[in-house]
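Structure first, then comments.
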Amino acid sequence: MKTRVLLTLLILAGSLFGLSGCNTFQHRVKQKAEVFNSLDAATQARLKAGDIRLGDTMDEVYIALGAPDEKRNRTTSQEQTTVWIYTHSWQEYRGNAYRGTHSMIVEDTLTGSRRVYYEPVMVSVYEDRTEEDLRVIFKDNRVIVIERAE
């Protein structure tokens, strides 16, 4: 029994370790090795620093920044574009909220009588927040617009 539990834990830990490196720069370079190796040294260094520019391809942006949090296809009367949106998320503390009461029975050692006390139960309240950091717009596989949040 202990061996089975230990084996399960080791497999789970190995899986988590394997997944943890999936969005690193080195992993993205391995995925797009042909593209990355065809670039000059200055462009490779720029992408490693996460610096994207107008005219970069989707593969170059992916190497520099990773997969976007959201992708959209935009069609207007003049053109079709693809929009990649990068965001960050956090939890914002919103205060405490009353959740109910917790009862305690206390026995008086002198008289043997019991009393019930109720104490309030408060919980911290957090709100999930997401904010857009970067929007990259592509036309014909090339960056035409870079919008950064202030």
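Where a number appears in this text, it was derived from the coordinates with a stated rule and is not lab data. In this text, all values refer to a predicted model and were calculated from it rather than measured experimentally.
Lysine pair count for the chain with Cα-Cα distance under 23 Å and sequence separation of 8 or more or different chains is 7. Mind checking the angle between helix 2-20 and the chain's longest principal axis? C-alpha axes, 0 to 90 degrees, to the nearest 10. Long axis of 2-20 versus the principal axis of the chain: about 40 degrees.
Among Gly100, Gly66, Gly50, the residue with the largest mean-square fluctuation in a Gaussian network model of the chain, with springs joining Cα atoms closer than 10 Å, is Gly100. Close amide H partners of Asp56, meaning residues 5 or more places away or on another chain with modelled amide H under 5 Å apart, are Val143. In units of the compact-protein estimate 2.2 N^0.38 Å, the chain shows a Cα radius of gyration of 1.82. Calculated on the Cα set of region 89-142, radius of gyration then Dmax: 25.5, 86 Å.
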